[in-house]
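Trainee: I have a structure I would like to understand better, so I am pasting it below and will then ask my questions one at a time.
The values are calculated or read from the model by the stated rules, or taken from the named source; none is laboratory data. These figures come from a predicted structure and were not determined experimentally. As a convention, Cβ positions derive from the backbone with ideal geometry for all residues, glycine included, and neighbour counts pool all protein chains shown. Only protein heavy atoms, including side chains, enter the accessible area calculation; ligands, DNA and RNA are left aside. Shrake-Rupley method; radii C 1.70, N 1.55, O 1.52, S 1.80 Å.
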Amino acid sequence: MSIVILGVDLGKNSCSIVGVDAAGAVVVRRTMRRQTLIDYVTKLPACVVAMEACCGAHHLGRLVAAQGHQIRLMSPEYVRPYIKAQKNDDRDAEGIAEAASRPTMRFVELKSQEQLDIQTLHRVRSRLVAERTNLLNQLRAILLERGVIFPAGRRKFELDLDGMLAEGNETLSPRMRQLIGGLRTEWKELDAKIGALNDEFVQLARNDAATRRLTSIPGIGVLNATALVAAVGNASNFAKARDLGSWLGLVPRQYSTGGKSRLLGITNRGNTYLRTLLIHGARAALPSLSKSDTPMGRWLKAMIERGVHRNAVVVALANKLARIAWAALRKEIRFERGYLEATA
């Protein structure tokens with residue numbers, strides 16, 4: 001028995017494995033618990049261990065890689081076409097092993113513990129921001145039902161709400177005043193937690209050379225830079241700059257057939273959180289960049305003068321920023337506003 005590729009279908013407690021030889025024939029098919037799997041792989045000769053890039057795959061991948069095995073992580077979307085007939089854990093493991101053997105398969109880079117830590121901080125911050133947004137919407141709805149309307153904007157809402165609670169508005173019943181006071185306290189706690197995470201991101205950006213290079217790019221701040229480093233590392237997994245933009249879903253979706261090219265909206269593939277940050281950064285940087293006398297500024301002005309929709313301009317700029325970020329990470333250079341070659 002000589003296992004060349006070991007396909008692993010990860011589960012919370014038990015995992016299914018399928019081992020194939022050089023000819024692609026199945027030589028091992030078993031189900032075992034996670035710790036038993038680690039012990040089993042430790043005793044195997046060096047081979048390719050393939051898994052879907054899901055929760056726990058990076059941790060297990062680092063443990064297995066330390067034993068001399070080659071790790072191949074794949075997106076579940078790319079594994080699905082290789083699963084034959086009925087879906088079950090054994091079929092999934094077999095499909096993973098077969099997908100890993102394909103020469104054109106795209107693999108996910110194994111993340112380090114530091115990258116996962118930064119990514120986790122971003123996930124927690126994203127959840128806290130969503131909780132704060134839900135809380136603000138609920139507060140506005142409660143007050144609107146009682147005829148109290150506040151202007152748009154979180155800061156204006158915060159100041160006016162504090163003023164209303166301090167003055168003692170008779171529109172609200174004592175119970176509602178007590179309830180809204182408690183919600184306002186919860187709002188302050190969320191602000192404190194989000195602020196603490198923001199300060200942590202600033203400190204991380206100061207201590208990391210790659211992140212400092214990224215923050216030199218207009219439209220990429222501390223949040224964007226740390227999220228990029230956590231997601232792509234040094235961008236070595238992308239052969240060209242446009243590959244990063246494509247992976248982020250910032251390029252047009254194609255539906256071409258019969259030799260006729262048909263381009264639709266952006267593909268929305270890849271990391272949704274990172275794509276959102278880049279688009280927000282591009283939207284903030286667009287006014288100043290479009291007025292600058294630089295190659296990028298003239299490019300933006302030309303699109304605006306042609307009547308291109310503003311949202312399309314913003315997405316195009318976000319794609320451009322992603323490509324510049326690739327160059328900054330791969331070539332280890334800072335961005336210069338008049339340096340057009342940095343976007344190639």
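Trainee: Averaged per residue, what accessible area in Å² does the chain show with a 1.4 Å probe, protein chains only?
Mentor: Accessible surface, normalised per residue, equals 55 Å².
Trainee: Let me know the shape class of the range 11-139, please: from the alpha-carbon gyration tensor, a ≥ b ≥ c as square roots of the eigenvalues, rounded when a/c is under 1.5, otherwise prolate if a/b is greater than b/c, or oblate.
Mentor: Verdict is prolate for the range 11-139.
Trainee: Now a separate question. Using Cα springs under 10 Å in a Gaussian network model of the chain, which residue among T36, T171, T133 shows the largest mean-square fluctuation?
Mentor: The residue with the greatest mean-square fluctuation here is T171.
Trainee: Okay, next question. What distance in nm separates the simple spin-label points at S112 and A65, each placed 7 Å from Cα in the Cβ direction?
Mentor: 1.0
Trainee: For helix 272-290, what angle does its Cα long axis make with the longest principal axis of the chain, in degrees from 0 to 90 and rounded to 10?
Mentor: 50
Trainee: For W326, W187, W299, give the ranking by accessible area with the largest first, probe 1.4 Å.
Mentor: The residues order as W299, W326, W187, largest area first.
Trainee: Under the definition of Cα pairs under 8 Å and six or more residues apart, what whole-number percent is the relative contact order of the chain?
Mentor: 12
Trainee: Another question, then. With r as the distance between the Cβ atoms of T257 and R334 and R0 = 41 Å, compute the FRET efficiency 1/(1 + (r/R0)^6) and round to 0.05.
Mentor: Calculated value: 0.40.
Trainee: Determine the share of the chain's accessible area contributed by carbon and sulfur atoms, expressed in whole percent, with a 1.4 angstrom probe.
Mentor: Answer for the chain is 51 percent, counting heavy atoms of protein chains only.
Trainee: How many nm is it between the label spots at V27 and K188, if each spot is 7 Å from the Cα in line with the beta carbon?
Mentor: It works out to 6.7 nm between the two label points.
Trainee: Just to confirm the number: angle between the C-alpha axis of helix 295-305 and the first principal axis of the chain, 0 to 90 degrees, nearest 10?
Mentor: 70
Trainee: Here is a further query. Out of G61, G233, G11, any idea which swings most in a Gaussian network model of the chain, alpha carbons joined below 10 Å?
Mentor: In this elastic network of the chain, the residue with the biggest mean-square fluctuation among G61, G233, G11 is G11.
Trainee: Got a number for the accessible area of R154? Probe 1.4 Å, square angstrom, nearest 10.
Mentor: 110
Trainee: Sorting check: for 45-56, 79-90, 312-323, which peptide has the highest mean count of neighbouring beta carbons within 10 Å, and how do the rest follow?
Mentor: So the peptides 45-56, 79-90, 312-323, ranked by packing, come out 312-323, 45-56, 79-90.
Trainee: How far is it, in nm, from the label point at E170 to the one at S2 when both lie 7 Å from their Cα along the line to the Cβ?
Mentor: 9.2
Trainee: When all C-alpha to C-alpha distances in the chain are sorted into bins of 20 Å, what percent of pairs does each bin hold, rounded to whole numbers?
Mentor: Using 20 Å bins, I get a P(r) of 24, 44, 28, 4, 0 for the chain.
Trainee: Per DSSP H run of n ≥ 4, the term is -39500 (n - 2.57); total these for the chain, divide by its residue number, and report the mean residue ellipticity at 222 nm rounded to 500 deg cm²/dmol.
Mentor: Calculated mean residue ellipticity at 222 nm is -18000 deg cm²/dmol.
Trainee: Ordering Y40, Y255, Y78 by accessible area with a probe of 1.4 Å, largest first, what comes out?
Mentor: Y255, Y78, Y40
Trainee: Continuing with this model, one more query. Based on the alpha-carbon gyration tensor of the range 257-305 and its eigenvalue square roots a ≥ b ≥ c, which shape applies: rounded if a/c is under 1.5, prolate if not and a/b is larger than b/c, or oblate?
Mentor: Here the range 257-305 falls in the oblate category.
Trainee: Nearest 10 degrees is fine. How inclined is helix 174-207 to the longest principal axis of the chain, computing both from alpha carbons?
Mentor: Its long axis makes an angle of about 50 degrees.
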